[in-house]
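Heads up, the thing below is written out as structure tokens.
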Amino acid sequence: MTNVVIRSQENNAAATSLALALAGHEVALLGGRLAPGEHSFQYLGQPKTVRLSTIQALSPTIPTVGVVFAEGESVRDGIEHILLNHGTPDFFAVIGGGISGIAEALNTAKAHDISAAHILHVGSFIVNGTGSSVRAEKRNVLAGFLSDETPSTLIDLAQTTFPQITIGDGPTVALSSVNAFVHLPPMLLNAMNVERGENLRLYVEGFGDSVCRLLEALDEDRLRLGHALGCRLTPIPVLLEESRGPEGLPGNTLREKINSFPAYQHIKIPSTLHHRYLSHELRSTFSPMNEIAQAIGIQIPSIHSVVRLGEILLDRDLSNEAKPVARQFLKYLSTPTGQRRT
């Protein structure tokens, strides 16, 4: 059993807190949608009841993991909130955030004298759902500590607390954001539907063959960039399939698989372009990739094009924010901390 302190207002953070409590951990959710106490919810269609804890009630005799969500939320604010309310946990798990998530985590860790060996970057949400329903649990989610000096005891603690994760290396995780590649293409190619506020399901009516072709073109660029950086990356469609467990996704083509995945059925297309499905994915993943590619002289035309299109739709220049993130990521890759874990 582990103490888990989660800081987030994300719906999936509430679902994560319920799933972890159901697994037998003591869970406190800070700044979220669920208060301490007893909660009844649906877990994969089955009624369950768990109790969420307060910070004060957590056991001092067992390890503690701090969890912050980086999908549109500040990694720095999340880490500092946990430090202020609990103290330093055995390790921090940063959920999502792409390349910018690693950069922000490293900056925050340095500011608070926390070793990168105690920061775990988890590539995407490990569950899907809300504070009333856990709709899906992912499997084989890529995760990596941001230092090769992480002791085996912390690696074991991470895998015990989050059995869904597969430990790899930080750079590969940063370049393998499944969320970014399933969020951005339907937002761009359905921009008029977004602006009209139409009542469409993002992954059903909004995810056609053309969206899949854009996803695959973006992924080809990602794989090319990863190869140039010395990272052995897995194609996004394969990662998406593996994360759904042994049964994979229903359907034959990529479109059919995404259209028919049960957890995606009721997710509506956002009513604004300034939504994390577009703005965050551009800032955290695609714009930093674009700057990294320019810095090392690699052509990634599809990613370059969607970044420019996104800047037009959002009416903002993303490069000034992305350039220092790209520089820090390249510096991280060139240090022993950024070497691939063997």
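The values are calculated or read from the model by the stated rules, or taken from the named source; none is laboratory data. All figures in this text were calculated on a predicted structure; none of them were measured in a lab. Note: ideal-geometry Cβ built from the backbone for every residue, glycine included; neighbour counts use all protein chains shown. The accessibility values were calculated without ligands, DNA or RNA, using every heavy atom of the protein model including side chains. Shrake-Rupley method; radii C 1.70, N 1.55, O 1.52, S 1.80 Å.
Quick notes on this structure:
- Sorted peptide list for 140-153, 278-291, 311-324, 5-18, criterion being average Cβ within 10 angstrom, highest first: 278-291, 5-18, 140-153, 311-324
- Cβ-based charge dipole, the chain, positive-most Cα from Leu83, Pro250, Gln9: Pro250
- Relative contact order [Cα under 8 Å, 6+ residues apart], segment 1-132, whole percent: 29
- Taking each residue as 0.36 nm, the span from Gln56 to Arg316 lengthens on full extension beyond its C-alpha to C-alpha distance by 89.3 nm.
- Per residue, the accessible area of the chain comes to 41 Å² when a 1.4 Å probe rolls over the protein heavy atoms.
- Segment 98-228: radius of gyration over Cα atoms, expressed as a fraction of 2.2 N^0.38 Å: 1.25
- Dipole axis of the chain (+1 Lys, Arg; -1 Asp, Glu on Cβ), positive-most option in Phe286, Leu34, Leu239: Leu239
- Net charge dipole, the chain: roughly 160 debye, given to the nearest 20, about the Cα centre with Cβ charges of +1 for Lys and Arg and -1 for Asp and Glu.
- Pairs from Lys138/Lys257; Lys110/Lys138; Lys48/Lys257; Lys110/Lys323; Lys138/Lys331 whose Cα-Cα separation, in the structure shown, is over 22 Å: Lys110/Lys138; Lys48/Lys257; Lys138/Lys331
- Placing dummy labels 7 Å off each Cα toward the beta-carbon, the span from Gln9 to Leu44 is 3.2 nm.
- Calculated P(r) tail over 15 Å for segment 191-260, as whole % of Cα pairs: 63
- Test item: Cα-centred dipole of segment 135-236, Lys/Arg +1 and Asp/Glu -1 on Cβ, debye: 180
- By the equivalent-ellipsoid construction on the alpha carbon gyration tensor, segment 161-277 comes out with semi-axes of 25, 17, 14 Å, ordered largest to smallest.
- Summing Cβ point charges (Lys, Arg +1; Asp, Glu -1) relative to the Cα centre of segment 1-95 gives a dipole of roughly 220 debye.
- When the chain is described by a simple charge dipole with +1 on each Lys and Arg Cβ and -1 on each Asp and Glu Cβ, the residue from Val127, Leu58, Tyr43 located farthest towards its positive end is Tyr43.
- Whole-Å semi-axes of the ellipsoid equivalent to the chain (Cα gyration tensor, √5λ, descending): 30, 25, 18
- The antiparallel fraction among DSSP beta bridges confined to the chain stands at about 35%.
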